[in-house]
């Protein structure tokens, strides 16, 4: 149903500011391209690429119009990205959200509602700390000995998560295997002498 509505031409009215003439055209929205502003009615408008777009900038359509056209999910995703870029994204601190987030970090839902921190093992506490650090979806993470108390399976999951993370990561670790897995190039400072190891081509 959504796909059909997205492909259905939608009539849009444009008013010329000087003459007041109203022009009506039919267009099909192809995608949302990331821009957003507020119109005179204090409603959000999102930038779209449509069948009539022939420039790098698109048209702006009200969120109500886009919802009718089947683009509600896309407008929410665009809104979230804009909030994240502005550092304003705050996830509601609800039981459901906390349980889901802890589960994503390797802890079953029960730990979010039925356990105190003092009852958790060292590895479980590390997972809670990592979950807390990721709660507001940061762009830069600073991890101090994140491998302490983690079992091999959890270490593998953490390594994979860091590899896929789109932001920057600063790590302090004495776990050489963990470090070499994630860092193809290392800079070793010893007694004022810097030695580089590995291949710098990974940055390409």
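The values are calculated or read from the model by the stated rules, or taken from the named source; none is laboratory data. Nothing here was measured: the structure is a model prediction, and the numbers come from that model. When we count neighbours, we look across all protein chains shown, and the Cβ atoms used for this are built from the backbone with ideal geometry, even at glycine.
A quick yes/no check of all residues on (1) outside the structural domain of residue 160 (by TED's automatic domain parsing); (2) in a loop (DSSP other than H, G, I, E, B); (3) farther than 19 Å from residue 160 by Cβ:
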position	(1), (2), (3)
97	yes, no, yes
101	yes, no, no
111	yes, no, yes
115	yes, yes, yes
129	yes, no, no
Which members of region 133-152 meet the condition of being touching a helix residue (DSSP H, G or I) at 6+ places or on another chain (Cβ under 7 Å) and over 16 Å from residue 93 (Cα atoms)?
-> 141, 146, 147, 148, 149, 150, 151
Residue 130 fails exactly one of (1) surrounded by 12 or more Cβ atoms within 10 Å (Cβ to Cβ); (2) in contact with a helix residue (DSSP H, G or I) (Cβ under 7 Å, 6 or more places away or on another chain), namely (2)
Looking at (1) outside the structural domain of residue 179 (by TED's automatic domain parsing); (2) surrounded by 15 or more Cβ atoms within 10 Å (Cβ to Cβ); (3) within 29 Å of residue 177 (Cα to Cα), can you tell me which one residue 121 breaks?
-> (2)
Checked against (1) modelled with pLDDT of 85 or more; (2) not assigned by TED's automatic domain parsing to the domain that holds residue 31, residue 77 satisfies every condition except (2)
Check residue 180 against each of (1) assigned to a helix (DSSP H, G or I); (2) under 25 Å from residue 92 (Cβ atoms) and name the one condition it does not meet.
-> (2)
Does region 153-172 contain at least one residue that is in contact with a helix residue (DSSP H, G or I) (Cβ under 8 Å, 6 or more places away or on another chain), assigned to a loop (DSSP other than H, G, I, E, B), assigned by TED's automatic domain parsing to the domain that holds residue 201 and surrounded by 14 or more Cβ atoms within 10 Å (Cβ to Cβ)?
-> no
